[in-house]
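Note sheet for the following structure.
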């Protein structure tokens, strides 16, 4: 069979692209082998292009006591990545006209007694700039480790302090602002946060391995978190007791890399929210450290090229979630682990730099 010159050129280009793609995967795999052998990385790494998985690996142990390896069945604690789900639920209410970003907390939560009630807005909560005295972060051991607090009691005790600065003027990372958002979601729907989360995001997107977590829940294949000695990546200890319930809409979820990719695709491909809503959600506030609603968004040099990055992190008691989406390339990286042997904030850029070399990023 004869092939025309044009056909031959197309065939060579396709073969070249396939070779480059497989070559980059091999380099990523070599990099992950280094993280496995040198740094004792335990967890998973997923890379997707245009919403389709291009690379996925599971490394190490999800449960050290019983020597259970990470696998496609494993579910991961995602801690503050929960905040992006909360932000998406707020933006759904915004689309429905049930919430205004520049209305005060008290409009939607009149029982709230903090000084921020009539002064801080929904926008301020979404950008960690409510101006509250963040008692829940200052007294973190008491707030999260000592006892279970009903949400209303937690808010009264830890999130209702005086204002220490004018709302909207300074970024100050905390959990309380998103706990207040979760309470507002409950009031507007008349349902629990978990019920709303399931009905509005998890069930429609088919996220069957993602849910809200209570401390007494028995969840199959849920990983355990570990601290490790700074002098040795193979010496581990278990964190102190804590109550995941107290993190509420700021950090009480678990998920998998595949499920997080479903959420990523729904957001960035505009099937969960309208395009203009997502654009609003992803608009960074430069004066507040490039924070957006549920993400940070900023330009980033990776390798030899510049990209626009939307990223979200979650950390707690040894568990890490690091989620990066390159908006202009539609590339997603999800790193999840259960120990501190590797800093995923550094690891993510090395993984992406390796992956993006050559034709695969075009």
Note to self: Given points 7 Å out from each Cα along the Cα-Cβ axis, report the residue 102 to residue 270 separation in nanometres with one decimal.
What the structure shows: 2.4 nm
Next item on the list: Quickly estimate the mean residue ellipticity at 222 nm for the chain, helices only: each DSSP H run with n ≥ 4 gives -39500 (n - 2.57), and the total goes over all residues, rounded to 500.
Entry: -10500 deg cm²/dmol
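Could you grab the Rg to Rh ratio for region 96-175? Cα atoms only, Kirkwood for Rh.
0.98
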Notebook entry, point to check: In nm, to one decimal, how far is the residue 68 label point from the residue 165 one, both placed 7 Å along Cα→Cβ?
Noted result: 4.3 nm
Note to self: Between 0 and 90 degrees, rounded to the nearest ten: what's the tilt of helix 82-95 against the longest Cα principal axis of the chain?
What the structure shows: 80 degrees
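Please compute the contact order of region 5-361 in relative form: average sequence separation of alpha-carbon pairs under 8 Å and at least six residues apart, divided by the residue count, as a percent.
On the way: 682 pairs, mean separation 88.8, N = 357.
Worked out over region 5-361, it gives 25 percent.
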Notebook entry, point to check: Can you give the extra length, in nm with one decimal, that the chain gains between residue 191 and residue 229 once fully stretched, where that is 0.36 nm per residue apart less the Cα-Cα distance?
Noted result: 9.4 nm
Note to self: Assuming 0.36 nm per residue, please report the length gained on full extension of the stretch residue 240 to residue 141 beyond their Cα-Cα distance.
What the structure shows: 34.7 nm
Next item on the list: Using label points projected 7 Å from each Cα along Cα→Cβ, tell me how many nm separate residue 113 and residue 215, to one decimal.
Entry: 2.3 nm
Item checked: P(r), alpha carbons of region 5-361 - 20 Å bins starting at zero, rounded % -> 29, 57, 13, 1
Notebook entry, point to check: Of the listed peptides 239-247, 317-325, 259-267, what is their order by residue-averaged count of other C-beta atoms within 10 Å, with the highest listed first?
Noted result: 317-325, 259-267, 239-247
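We did not get these values from a lab; they are worked out from the coordinates using the rules stated. Not measured: the values here are computed from a predicted model. Note: ideal-geometry Cβ built from the backbone for every residue, glycine included; neighbour counts use all protein chains shown.
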